[in-house]
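Following: one structure in structure tokens, then a few remarks.
The values are calculated or read from the model by the stated rules, or taken from the named source; none is laboratory data. Nothing here was measured: the structure is a model prediction, and the numbers come from that model. Because the Cβ atoms are built from the backbone with ideal geometry, glycine has one as well, and the counts that use them run over all protein chains shown. Protein only, heavy atoms only, side chains kept; ligands, DNA and RNA dropped before computing areas. Shrake-Rupley method; radii C 1.70, N 1.55, O 1.52, S 1.80 Å.
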Amino acid sequence: MALNSAHANGGVLIHAGESILLFCDNVTMEFAGQDGAPFKGEKKGRLYLTTHRMIFNNKKQDDPMQSFSFPFVTLKDVELEQPIFGANYIKGKVRAQPGGNFTGEAKFKLHFKSGGAIDFGQAMLKAAQMASRNYNGNSSDLPPPYTPPTSGWYAAPPPAYSANPAGYSGWVPPTHVFPDQPPANTVYMTDAPPPYPGINGNNGYSTGAAGGWTNPASAPSMQQNGSMSSADRKAAEASSAQPVQTGYYDPNNPGYAYVPPPAYYNEQPPSYSDSGKKND
């Protein structure tokens, strides 16, 4: 996991070839097991499930934690809690990536104020299990290190965050429970590929860049379904999902790879020391 490495220009920052599978607003997060200021207090913001990780983006601009990245390879002891009294939530532990702006391990809890904790959690566990097939390491290994991008960032192409009917080996995330997409002009991308595996192996991004994951990927399958309003999410948490998901290609031109445009933002991702500063 890495602290303050997944935000830019008031939005989320993803790797080249990484795709957003689910987006949920109105999520709160809390930590235990770390004494640093960024881990203190309740965080309120947006949660993204991607092909490679979870990402939390804080809505409070002066909080020392602006973003938090949960690569699947760093997660352990994840549980979906359904208390008799109180709302469902996700809890687990996450290990620090070398160079990720903190050390050791942190415990976390995620609460979904609009419902959907169980659906999101099940999708995350499924994605993590699929990604683990592309990982040759073991649970005692250190996670791959975080390396800041050397290039600028730019607005991600729509296929990186737009729903389409593609699936991954017969599975598609529950976008009928989470039909919303990230707000316009809030998804940004760098040219650096992910340093850890995703559900699609090396599909969708360059394997030649330093730090990129290079294991082979499985071919996607196709599936479709309807949509559900956020008001109905809590009622759906006890049932399994039959979904629609996002993918990193243009459904109108499935035979063509989508190449990101040249970087028109020259700004580097924010450093850890600058992440808590308010933008004027």
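Structural remarks
- Summed over the range 111-130, residues that are surrounded by fewer than 23 Cβ atoms within 10 Å (Cβ to Cβ) and touching a Ser or Thr at 6+ places or on another chain (Cβ under 8 Å) total 6.
- Some residue of the range 34-55 being among the aliphatic types (A, V, I, L, M) and at pLDDT below 90: yes
- Residue within the range 88-102 that is in contact (Cβ under 8 Å) with a residue 12 or more places away in the chain, part of a loop (DSSP other than H, G, I, E, B) and farther than 18 Å from Pro195 by Cα present: yes
- Hits in the range 48-66 - residues which are assigned to a strand (DSSP E or B) and basic (Lys, Arg): Arg53
- Restricting attention to the range 53-96 and to residues that are acidic (Asp, Glu) and more than 12 Å from Leu3 (Cβ to Cβ), the residue that is surrounded by the most Cβ atoms within 10 Å (Cβ to Cβ) turns out to be Glu81.
- In the range 27-38, the residues that are within 12 Å of Phe108 (Cα to Cα) and open to solvent by 10 Å² or more (accessible area, probe 1.4 Å): Glu30, Phe31, Ala32, Gly33, Gln34
- Residue in the range 77-86 that is on the phi > 0 side of the Ramachandran plot, modelled with pLDDT of 90 or more and more than 16 Å from the chain's Cα centre (by Cα) present: yes
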